[in-house]
Each structure stands twice: as C-alpha cells, then as structure tokens.
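Read the structure below first, then the notes.
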Amino acid sequence: MKKLMKLLLASLILTTVTACDQNSDDLTDVDLLMNGDAVLKSAPQSKSKKLMATGSIEITFKEKDSGNQPENLRGFMDINATQASEINNKAAKGEIHFLVTLEDLTFHREIYANVNDVSIDDVNAKAYIIATVISDSKKCRTEAEGGHDEHGEEEGDAEIAETEEGHDSEAHEDSGEEGSHGSTHVSGKNCRIDQVIVIELQDGGSPGVTNDLIAWKWYLPEDAPTIANWPEQLCNKNIINGNLTVHY
C-alpha cells in the first residue's frame, strides 16, 4: 500500500493512451503453447529464495475511438504475488490492489484480490498470476435487496466497464444492463467480488515504463483458467508510471 501511495503522489500527468489489444502475443512464450494451451512449469525453488512478482504501476485506458474514454480517471495496480513452494510446503500467496482515482487522485473505486496461484518463468522474467476478488468498494447487494448491484451512483462506472476492464471474454461482454453479484455478465459495472482476475506480466528491466509489460482479464469463477491452461488472449495495458519486478 505504501508503494502504491508513493506512486500516486509521484504520478501527476496522464500521458498518451494505448488501445486495449485483442491478445497478449507480446507476452506469450510461443514455446510454451501447445494446441492453444500454455503448459507452464514452475522454476526450481531453493529453501532460501522466493519466486515472486512485485510492483506498483499506473496504467492508461484504451483509446477514445475504441470505446467511451474515461478522461477523468486514472488506474493504479499494486502487485505482490509469491509462487508456492513444494520444498517449504507453502501455498501461493499475495494480494492484488487495483485503485481508480480522478485526475487529482480523488478516490473513485478500489478492488482487492487474494492470490490463488502463481507461476514464475525465470528464463523470460515473466509471472502468471490468478487471484480472486475479496473486496470491492462498489457495494454488492444481497438477494434480499433485489440481487442487483448499485448502479449509476459512481460517475464513470460505465466507462470503466468498457475500457480498463472492458476486454472481458466475448461471451460475457457488458450488455449495458445492471448486473448482480454472481450474474453471468463480467463487467466493471457490476460488483466484482468473487470474480477472478488473471494477470500476465514481464519484467523488462529498468526503466519499467519503457520495458515492462502487463495484461489482464476478468472471469467468473466457473470460467476462470488455470496456470496449466493459460488463456491465449488477455487485455494489454499501457504502463505510464512505476515498475514491475520478477524475483527468482
């Protein structure tokens, strides 16, 4: 959280925006692909060294002509993900913190996700992360309250649904309808609790803004991929501030 706050204070101006690409080919190691599935193997791990990915970044949203551009919104992500260790009998752990603010850093929306699984590729300095959302500042209503999320109370939610979170799987693209906790629509308009975020990143060295890469995608829990069955298409993001580090 401290790293993210430092990044927020250091980030003063949004630079150029980049469209959300239709795939993450630049991040995918072709040698790991077999019949459309990515077969990922964790690197050997010693007792004294953790395999993990960390970093705090600011990203832009996709171009205005590709959707409704939230010109007054900024996106930040803080990543701390550690691969499981069979030697030390420890499970994968970590947290993803996603924050959206106005241009002046006024709070808009915040999401936390617990890391479920991590695979570190020490040859290509890449990390593959799967995490489940446990907290969303956008309130989820219960079935007793009508089963629908609050909608329209936060300016910009519609834009977020179509942009920074907009490249959801084609089968679950936002329909523009109000959603519910557990609905079949994967959308930023809905409360994201229990949804799964799948992240692929690469540490390109310093400076991170120039060389690091990141892509992610949101899934319903029943549709979420695994490390061994990695998706071919994620939504590439444009890093304009911060740095990502893969430790191995």
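The values are calculated or read from the model by the stated rules, or taken from the named source; none is laboratory data. Remember, it's a predicted structure, so these values are computed and weren't measured experimentally. All Cβ positions, glycine included, derive from the backbone under ideal geometry; neighbour counts span all protein chains shown.
Results, tabulated for the structure shown:
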{"item": "Among residues of region 206-223, those that are surrounded by 20 or more Cβ atoms within 10 Å (Cβ to Cβ) and either under 21 Å from N190 (Cβ atoms) or among the aliphatic types (A, V, I, L, M) (or both), counted", "result": "5"}
{"item": "Region 182-205, residues that are touching a strand residue (DSSP E or B) at 6+ places or on another chain (Cβ under 7 Å) and surrounded by fewer than 20 Cβ atoms within 10 Å (Cβ to Cβ)", "result": "I193, D194, G204"}
{"item": "Test: residue in region 181-204 that is touching a Gly at 6+ places or on another chain (Cβ under 7 Å), modelled with pLDDT of 85 or more and farther than 17 Å from I111 by Cβ", "result": "no"}
{"item": "Some residue of region 220-233 being touching a Gly at 6+ places or on another chain (Cβ under 9 Å), aromatic (F, W, Y) and assigned to a strand (DSSP E or B)", "result": "no"}
{"item": "Answer residue from region 106-148, given it is hydrophobic (A, V, I, L, M, F, W, C) and modelled with pLDDT under 95 and is farthest from V186 (Cα to Cα) among those", "result": "A144"}
{"item": "Top-ranked residue in region 225-248 [being surrounded by fewer than 20 Cβ atoms within 10 Å (Cβ to Cβ) and among the aliphatic types (A, V, I, L, M); ranked as modelled with the lowest pLDDT]", "result": "I240"}
{"item": "Test: residue in region 21-38 that is crowded, with 18+ Cβ neighbours inside 10 Å, modelled with pLDDT under 95 and among the β-branched types (V, I, T)", "result": "yes"}
